1. Any idea how far the Cα center of the stretch 215-230 sits from the one of the stretch 58-113, in Å?
2. For a test of the definition: using alpha carbon positions, the gyration tensor, and the 1.5 limit on a/c, classify the stretch 142-255 as rounded, prolate or oblate.
3. Provide the packing ranking of 62-74, 26-38, i.e. peptides ordered by the mean count of other C-beta atoms within 10 Å per residue, highest first.
4. Sequence-distant or interchain residues sharing an amide H contact under 5 Å with Arg247, placed H: which?
5. Please list 3J(HN,Hα) in residue order for the stretch 361-366, calculated via the Karplus relation 6.51 cos²θ - 1.76 cosθ + 1.60 where θ = phi - 60°; whole Hz, with x for glycine and proline.
6. Hey, what do the phi angles of the stretch 228-237 turn into as Karplus ³J(HN,Hα) couplings, whole Hz, using 6.51/-1.76/1.60 and θ = phi - 60°, x for Gly and Pro?
7. Pairs of alpha-carbon atoms within less than 8 angstrom and 6+ residues apart define the contacts here; what relative contact order does the stretch 53-136 have, in percent?
8. Tell me, what ³J(HN,Hα) does each residue in the stretch 83-93 have, in order and in whole Hz, if you take phi through Karplus 6.51 cos²θ - 1.76 cosθ + 1.60 with θ = phi - 60° and put x for Gly and Pro?
Amino acid sequence: MALSPNIESLFAKHTELAGSLSTADELNLKYYKGLQTLTHIGLAVPPNLRQFEAVLNWNRVAVDSIAQRQKVKSFILPGEAEANVVLQENWAANNLDSESALLHKDVLIYGRGFVCVGANEEDPKHPLVTVESPRELTALVDSRNRRISSALRLYGGTADDPEPVYATLYLPNSTAWYERVSGAWAESDRDDHNLGRVPIVMFLNRRLTGEWAGETEMADVIPHVEIVGRTLLNMQVAGETIAIPRRFVAGLSQGDFVGQDGKPLPVWEAYQGAIWATGNSDAKFGQFDGADLKNFHDTIKMQAENVSSVTGLPLRYLGQNSVNPAAEGAIRADESRLVLNVEDKNSTIGDGWAWVQGIVERFRTGEWPLANQIKTEWFDPGTPTFAQKADALTKLHGGGPILSREGTWDELGFSEPRKAKERAYWDAENADPYLASLADKDVAADGIAIPATIGD
């Protein structure tokens, strides 16, 4: 069946959008993997030496340093004070502790990422939540409602023939599957779900007002990585040519370079000989100093400082270690810009995950919750300084107290399963006279009374 004019128009818009993004996506992936081809002016290094190119992959450092700190802790529904157990269960059922890391990395590499929610025929109580490749999906957005109006997934191509052979079109009230037959798209299946919304959420990095496009986190790093790559190549060439000290001898002829057997020495053996000696009294030996490569080292250090200034990454992340390992407080101060950057990204990505959970609730209950009021909680993105935090929280909990036991657990970053386990430990201590007596001794020794009830 031929496509209707409206569907054909949507295909054309999405295909054009996919084409405009594909070149940048391919290049960004190469930059993340350190597989890019370095650009050269062509003056210092002959083309036949380009095989010695090396990439100092700060692009991966810039991406992974942020993604590794983006850990979702829990979700809280509107009107509730504690993490919602059902949403946490569905999160675990879809392995989203690990899958969410893929989404966060996609957003940082390509500037955008997608999550799709669908019915789970095998387990209706747990809707499917899948992270989709931004290289296959495109989305058109209704700016007024800040919602996706349509999304198209193109896939099935091969390395020899990248032309996609399958497509999935997501609309607010239906999802349709298409197959390319004789060069034209034909509908092969359809699901009229009548959700009223496209079951896909798009995540964007560094979005600006009026735009529905993201930017790779590597944008500010790539120019400096290119400079360092060329510097490393030039340094290798210099190390092979002018950095090795050169020896010279004057007053000798070629016939003087002979071995004990009277045969001429090979050039390399004569050059590398540990001791040069001759019976020619007019001969003079000497050595030229090798070239100093410090200018290359200084260039790399300067570029590391530039990357640190534009990303907020500590210099030690870029291989510039000039002091002994810093103390905990110094580490926190050194990472302050990085942590603020992660927290800023978490605020927008958290809204996206809240929308995902809103769609999950719609599939599960048949009703739309106030998805934009679902709160996403994150683990602290700062480098853990557990001793300092535990000491401060012990004072806040036992010295007033200012914080409850449960509030202290939240500040320590305990997950909901961990808090449930601690509650069970407390109940066991209260039920066992021997354990309770040990707890009383600890309190007497420390001078801190920790309430045993949850509602303290």
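Read-outs: derived from the displayed coordinates by stated rules, not from any lab. None of these values were measured; they are calculated from a predicted model. A quick note on method: Cβ atoms are made from the backbone with ideal geometry, for glycine too, and the neighbour counts reach across all protein chains shown.
1. Using only Cα atoms to place each centre, the spacing works out to 26 Å.
2. Values: a/c = 7.63, a/b = 2.55, b/c = 3.00.
Cα axes put the stretch 142-255 in the oblate bin.
3. Numbers: 62-74: 20.2, 26-38: 16.2.
Highest-to-lowest ranking by the protection proxy: 62-74, 26-38.
4. Under 5 Å from the amide H of Arg247 lie the amide H atoms of Phe288, each far enough along the sequence or on another chain.
5. 5, 5, 5, 7, 10, x
6. Taking θ as phi minus 60°, the curve returns 5, x, 5, 5, 5, 5, 4, 5, 5, 4 Hz for the stretch 228-237.
7. Reported relative contact order: 24 percent.
8. 4, 7, 5, 5, 5, 5, 5, 5, 4, 5, 5
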